Amino acid sequence: MTRIRHFFVAALVLCGLAALAGVPSLHPVRAASTQSATVALLAKPTALPDMALGHAKAPVTIYEFASMSCPHCAAFEQNVFPMIRSKYIDTGKVRYIFREFPLDIKAVGASMVARCIANGDAEKFFATLDTIFKRQEPLMAETTETLRAIGKEAGMDDNGAEQCIRNQAQLDKLSADQKFANEELKVDATPTFFVNGTMTKGAISFEEFEAKLKPLLKK
């Protein structure tokens with residue numbers, strides 16, 4: 001699990017929230033109330049449009065908060081997400097929503113380029129996300145060159161990636177969404193998942209994810 005280390009220019013100063021040890025479990029009614037409140041917060045409109053796959057009325061909704069510079073996020077995208085998509089998203093059982101939570105300036109640039117390429121199209125966004133995660137190593141070593149190449153492959157001109165990254169309005173929206181996720185949803189690490197409002201942090205296998213989904217799909 002990748003923890004917050006630093007942020008980008010104009011970045012948010014995020015509060016590193018330590019886990020509380022020895023706190024007793026919530027009463028079931030209180031836990032349900034907390035979960036409902038989280039679901040309501042997640043459903044609030046964001047500054048940037050959600051990138052979502054799956055039926056809008058699916059019985060389960062998963063939100064993933066991830067950074068494109070996060071190795072665990074890349075591993076999840078490559079090894080776990082394809083199985084979740086084929087078995088649960090494409091079959092109408094799960095609505096899957098990806099929200100950026102960039103941990104550094106490199107991830108900020110990648111997020112903005114992915115948004116520009118997609119231009120509101122979720123399928124294009126997830127395809128670009130896959131490309132970026134597959135090239136995470138060169139992204140970290142040669143960020144500008146890697147993003148320029150990804151942009152050109154998607155039809156941008158030579159300066160398309162740089163122009164996209166300089167879009168202050170989009171940067172402000174990305175920053176606002178990240179601030180909301182940290183302050184209201186208590187996201188402080190990547191990847192972080194919310195499955196029908198219940199938070200799970202860190203690397204997770206397909207089998208572990210499936211164990212969370214099956215009880216919800218039986219209801």
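Tabulated results
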{"read-out": "Residue within the range 26-35 that is modelled with pLDDT of 95 or more and either among the charged types (D, E, K, R) or exposed (fewer than 12 other Cβ atoms within 10 Å of the Cβ) (or both) present", "value": "no"}
{"read-out": "Qualifying position, being basic (Lys, Arg) and either at pLDDT below 95 or surrounded by fewer than 18 Cβ atoms within 10 Å (Cβ to Cβ) (or both), among 106, 124", "value": "124"}
{"read-out": "Residue list for the range 161-207, restricted to those being among the hydrophobic types (A, V, I, L, M, F, W, C) and more than 20 Å from residue 50 (Cα to Cα)", "value": "161, 203, 204, 206"}
{"read-out": "Residues within the range 55-89 that are among the charged types (D, E, K, R), out of contact with any Phe, Trp or Tyr (no Cβ under 8 Å at 6 or more places or on another chain) and surrounded by 14 or more Cβ atoms within 10 Å (Cβ to Cβ), tallied", "value": "1"}
{"read-out": "Members of the range 135-173 that are modelled with pLDDT of 95 or more, under 13 Å from residue 110 (Cα atoms), among the acidic types (Asp, Glu) and in a helix (DSSP H, G or I)", "value": "137"}
{"read-out": "Qualifying positions in the range 130-153 - crowded, with 20+ Cβ neighbours inside 10 Å and among the aliphatic types (A, V, I, L, M)", "value": "132, 139, 147, 150"}
{"read-out": "Which listed residue, of 76, 65, is in a helix (DSSP H, G or I) and either in contact (Cβ under 8 Å) with a residue 60 or more places away in the chain or at positive phi (or both)", "value": "76"}
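The values are calculated or read from the model by the stated rules, or taken from the named source; none is laboratory data. As the structure is a computational prediction, the values presented were derived from the model and not from experiment. Cβ atoms come from the backbone with ideal geometry, glycine included; neighbour counts cover every protein chain shown.
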